[in-house]
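These notes concern the structure reproduced below.
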Amino acid sequence: MNILWLQSGGCGGCTMSLLCAEDPNVLDLLDGAGLEFLWHPSLSEATGAEVRRMLDAVATGEQRLDILCVEGSILRGPNGTGRYHLLAGTGRSMMEWVRDLAPKAQHVIAVGTCAAYGGMTSAGENLTDAVGLQYDGGHAGGLFPAKWRSQSGLPVINVAGCPTHPDWVTETLLLLKAGALGNDDLDGLARPRFYADTLVHHACTKNEFYEYKASAEHLCEMGCMMEHLGCVGTQAVGDCNTRGWNGANSCTRAGYPCINCTAPEFEEPGHGFTETPKFAGIPVGLPTDMPKAWFMALASLSKAATPKRLAENAVSDRVTVPPTLRKPKP
Amino acid sequence: MTTLLVGPFNRVEGDLEIRLEVQDGAVSAAYTNSPLFRGFERMMLGKGPLDALTITPRICGICSISQSAAAALALADLAGVQPAPEGAKVAALLHMIENVSDHMAHFNLFFMPDYARAAYAGADWHQTVLERFTAGQGSALRRAIEARADLLHVVGMLGGKWPHTLAIQPGGVTRTPTARDLIRIGASLQAFRRYLEAQTFGGKLEDFIALGTVQQLEAWTTGDAGLFLRVAEATGTGAMGRGTGRYLSFGAYPLPEGRVFKGGTWDNGAEAPVDFAAIREDISHAWMLGEAAHPSAGATVPDEMMREGAYSWCKAPRLQGRTFETGALARQIVVGHPLARALAAEGGVRARVAGRLLELALTQIEMERLLRDIRPEARFMDQVILPKDGAGVGVVEAARGALGHWITVKDGAISGYQIIAPTTWNFSPRDAGGTAGPVEAALVGAPVAEGEDTPLSVQHIVRSFDPCMVCTVH
């Protein structure tokens, strides 16, 4: 299968992340699966006129296209013209190009949260009128309407993440190649369920602190970051802590909060990214699927039961109290 | 005279279009257009200043840590504090890893593949380049991608992930490394050194950084560095794309005792400190409204009409009214490395690429030194209280050169945020005086063969600058 990769209104970070794929490296991985780039902005030889001819050939149907990957949001501004991003050398907006090319592809993938939902590019006043391919923030319908389907019958597949994980992209591509990704394999926001059925909270190394509500008060402390530091790992989808990034790491493992970058509108939390909004001193926002009354009851109980080790380590930048060793049997 | 429009211009970061006027088989004028505007500076207005640490890295997926480091320094400056010394060291190490990754990705993935093109078939070196550097295929690319992914484990360990870490803060870094972590990082660095010495240089890094003259450089025949030097000479491309001889560096990697690579300017032999007050962003040829301004007083108001006469979303930064080239070569010229100074005179494609290779070797050695100096028993982050009102400046060196953030805060919210990125300097359009930006000037005289619609010489020259277009306009 061939892949055409276009970079729209984004930072290029999802491509940079893709290059971090390991075991095997991304080039060997795609080769091995029978996937090849028709063109990729960072990897292909073709530049300028050659690329324009290739794009025209896809648009007219002369060149087959299996998978269209779009990275970055679609800029509709100013005034609906899309001219905040003209595809270099063509005099046409990326918005128009994607509108022309997507119907030709068997599958369309939105790579990263910008392409999926608008993402960081749509933050603030959204000066450029940025949207995702098939979503405008959390609302279905972006550049393409909610009912739009690619030739394969699937909606735009949203491999959301900021950046997205290299494996989320490669495994989506490989599943498509194998014919093993259908409608039921996408969640309610069209994200592949193989990573969206998990929460960032799963396997977070701060879980024991979470259990006892032993909270960090400042970044760099070891405790749970939900109560004070804006962490929404209990609500965010992603297998970040089970799969690991760049080795076996994640945001929470590096001591800063999960900001829910796989979700629509993460760019506008309505409060500082590293602070937890509170009402009457109690954090607003519950762990996913947790009944409020139970959560409150359990939280106050577990907080009362916090072992000294966790209470002290939670507000320390390193383990100051190690686990107690069991005494040997007499 | 004929006009050529070159784009989409790939194997650069982001979207780039260049309009060329061609006369008598050579470029007579060039106009660079950064065709993507996102408006990051506007996005931050009204938000809490700490949000800049989450938002600005997302300007760029390849210079993410550079943006992060500049924002953290600007906030520290706003608060009038220095980060915890060990935190500054870890931030510097994270930044070095990114810059080294960018240098090696540029050489292997972006720059060298042009020499594998069919246009060079038949040359006695072409078969070797085909095997090593065919775009998306060559053995050097595959190995480089693996070595880079392994090296970025260091960012994973200290920063959680790459790109877009939130680990670098005004008071230091969020992750306190243990002695065991530092040992692992040392192992990753040694593996990377082994890669560089076996593949890129074909020799000891210490021997490469000991080169002091162009003659000595030309005698370096091993590794992919040697292959590049041979090919640059054989094709005549090494001498193309001469700059104006004015170089700028803000100084890289601030540590408690000073910057690892000092900042300054070099104007055809004359050294000076950077006069930050003398920076202006001209917008005469940018689709921007307003007046030329210092970044502490600047604004970003896009011209929705995209008026005639302007041709890019990129503003044109000038220092004392003049253009400056920035990047690895500029940085090492300013530092005073003998080889970089020797290359300053030629200032073309070979000089830029060799300057980057030189810095790759130098930075690896600096990373090893810095790692040995990190004391795991110390504090890595101090708590910083930001004032409700004030201003701050953060300047760093991204892989591609001088990067500055200028922040103003009023009633606890960002009231002004201006960014000048390295490629804003290098790929700026003309200014009110009609002076072309650095790459526009460097392209004049580039040979264009009969029938070429995307001239190869132009590609070599443009890529020798290693542009990052997403940073350029932001």
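Things worth noting here:
- Options A:S44, A:S17; residue that is part of a loop (DSSP other than H, G, I, E, B) and either among the charged types (D, E, K, R) or facing another protein chain (nearest Cβ under 7 Å) (or both): A:S44
- Of all residues in the range A:242-265, those satisfying the criterion of being more than 7 Å from chain B (Cβ to nearest Cβ) and either buried (at least 23 other Cβ atoms within 10 Å of the Cβ) or touching a residue at least 12 places away in the same chain (Cβ under 8 Å) (or both) are A:T242, A:R243, A:T252, A:P257, A:C258, A:N260, A:C261, A:T262, A:A263, A:P264, A:E265.
- Within the range B:131-149, considering residues that are over 21 Å from the mean Cα position of the chain (by Cα) and more than 8 Å from chain A (Cβ to nearest Cβ), the one farthest from B:Y115 (Cα to Cα): B:R143
- Test: residue in the range B:391-405 that is loosely packed, with under 15 Cβ neighbours inside 10 Å, touching a strand residue (DSSP E or B) at 6+ places or on another chain (Cβ under 9 Å) and in contact (Cβ under 8 Å) with a residue 40 or more places away in the chain: no
- Scanning the range B:1-58 for residues that are in contact with a Lys or Arg (Cβ under 9 Å, 6 or more places away or on another chain) and either more than 8 Å from chain A (Cβ to nearest Cβ) or free of Cβ contacts under 8 Å to residues at least 24 places away in the same chain (or both) gives B:T3, B:L4, B:L5, B:P8, B:V12, B:A29, B:A30, B:Y31, B:T32, B:F40, B:I55.
- Residue within the range A:266-284 that is more than 9 Å from chain B (Cβ to nearest Cβ), out of contact with any helix residue (DSSP H, G or I) (no Cβ under 8 Å at 6 or more places or on another chain), surrounded by fewer than 11 Cβ atoms within 10 Å (Cβ to Cβ) and acidic (D, E) present: no
- Verdict on B:A234 being touching a residue at least 40 places away in the same chain (Cβ under 8 Å) and farther than 21 Å from B:M367 by Cβ: yes
- Count of the range A:58-93 residues which are within 14 Å of chain B (Cβ to nearest Cβ), farther than 19 Å from A:A130 by Cβ and without any contact (Cβ under 8 Å) to a residue 40 or more places away in the chain: 2
- Hits in the range A:22-39 - residues which are at the interface with chain B (Cβ under 7 Å from one of its Cβ atoms) and not in a strand (DSSP E or B): A:E22, A:N25, A:V26, A:L27, A:D28
Condition check ((1) of a type in the set (D, E); (2) surrounded by fewer than 24 Cβ atoms within 10 Å (Cβ to Cβ); (3) in contact with a strand residue (DSSP E or B) (Cβ under 9 Å, 6 or more places away or on another chain); (4) at positive phi) across all residues:
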residue: B:T3; (1), (2), (3), (4): no, yes, yes, no
residue: B:E17; (1), (2), (3), (4): yes, no, yes, no
residue: B:D24; (1), (2), (3), (4): yes, yes, no, yes
residue: B:Y31; (1), (2), (3), (4): no, yes, yes, no
residue: B:A52; (1), (2), (3), (4): no, no, yes, no
residue: B:M96; (1), (2), (3), (4): no, yes, yes, no
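- Residue selected from the range A:1-16 under the condition of a type outside the set (S, T, Y) and within 16 Å of B:C468 (Cβ to Cβ), by the criterion surrounded by the fewest Cβ atoms within 10 Å (Cβ to Cβ): A:M16
- Any hit, the range B:254-265, residues being assigned to a loop (DSSP other than H, G, I, E, B), in contact (Cβ under 8 Å) with a residue 60 or more places away in the chain, more than 30 Å from B:V448 (Cβ to Cβ) and of a type outside the set (D, E, K, R): yes
No lab work stands behind these numbers, since they all come straight from the coordinates. Keep in mind it's a predicted model, so treat the numbers as computed, not measured. In this analysis, Cβ positions are derived from the backbone assuming ideal geometry, glycine residues included, and neighbour counts consider all displayed protein chains.
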